[in-house]
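J.: Can you keep this structure in mind? I'll have questions shortly.
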Amino acid sequence: VITRTWQTADKMKRQRGRLDGDGARNDNFRARRYIAKYTINPAITHGISHEVGSVEAGKWADLVLWRPAFFGVKPSLILKGGAIAASLMGDINGSIPTPQPVHYRPMFASYAGSRHATSLTFVSQAAFAAGVPQQLGLRKAIGVVSGCRGVQKTDWIHK
């Protein structure tokens with residue numbers, strides 16, 4: 001999804017030219033617009049933007065860090081709920097600082113209770129009010145979906 005989104009952004013820039021909000025030397029407005037297409041706007045559509053979708057104080061954020069040359073293709077580090085979930089790692093028994101081959105390996109947030117502490121389960125308001133998470137014995141934090149029935153395109157950010 002990410003790679004295709006950026007390919008579309010590049011195609012649209014070449015086909016239609018610069019956007020009004022872009023500067024002479026950058027495409028910052030276009031970048032924010034296309035990042036919103038796979039972060040905050042889907043969260044708004046699904047009624048969970050009060051919990052996830054952007055990097056703000058009080059929200060859950062799963063972050064992926066990339067080297068610029070591999071953006072959207074090969075992440076360097078994956079943070080889930082503030083803890084390292086996966087990262088590139090060489091041979092554990094390597095005797096040099098940069099052993100090869102390098103593979104993605106699960107890290108701290110992938111084990112034991114961290115999996116439950118670093119993620120959310122979303123339920124409807126009716127399910128939350130009826131105590132469904134407690135009845136099912138869910139250990140993850142619970143997020144409540146709200147306001148998704150009346151969402152319109154005008155509610156999106158940087159559309």
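The values are calculated or read from the model by the stated rules, or taken from the named source; none is laboratory data. Note that the structure is predicted; figures quoted are calculated from it, not measured. Heads up, the Cβs are rebuilt from the backbone with ideal geometry, glycines too, and the neighbour counts pull from every protein chain shown.
J.: Would you check if L63 is at pLDDT 90 or above, part of a strand (DSSP E or B) and on the phi < 0 side of the Ramachandran plot?
T.: yes
J.: Hey, among K153, K74, which residue is out of contact with any strand residue (DSSP E or B) (no Cβ under 6 Å at 6 or more places or on another chain), closer than 19 Å to A43 by Cα, loosely packed, with under 15 Cβ neighbours inside 10 Å and not acidic (D, E)?
T.: Sole residue among the options that is out of contact with any strand residue (DSSP E or B) (no Cβ under 6 Å at 6 or more places or on another chain), closer than 19 Å to A43 by Cα, loosely packed, with under 15 Cβ neighbours inside 10 Å and not acidic (D, E): K153.
J.: Given the structure, is I96 of a type in the set (A, V, I, L, M, F, W, C) and outside any strand (DSSP E or B)?
T.: Criteria met by I96.
J.: Same structure, new question: Restricting to the range 104-137, what's the tally of residues that are within 19 Å of P75 (Cβ to Cβ) and in a helix (DSSP H, G or I)?
T.: 5
J.: What are the pairs, 6+ residues apart or on separate chains, where a residue within the range 86-102 that is within 22 Å of W66 (Cα to Cα) has its Cβ under 8 Å from a residue that is of a type in the set (V, I, T) and surrounded by 10 or more Cβ atoms within 10 Å (Cβ to Cβ)?
T.: A86/I78; S87/I78; L88/V102; M89/V102; G90/V102
J.: Select the helices (runs of 4 or more DSSP H) contained entirely in the range 1-52, then report the ones holding at least 1 residues which are more than 24 Å from the chain's Cα centre (by Cα). Step through it out loud before you land on a result.
T.: Numbers: elements: 2-16, 28-36, 40-45.
Fully inside the range 1-52 and qualifying: 2-16.
J.: Condition first: free of Cβ contacts under 8 Å to residues at least 12 places away in the same chain and either touching a strand residue (DSSP E or B) at 6+ places or on another chain (Cβ under 9 Å) or among the acidic types (D, E) (or both). Now tell me which residues in the range 38-66 satisfy that.
T.: V55, E56, W66
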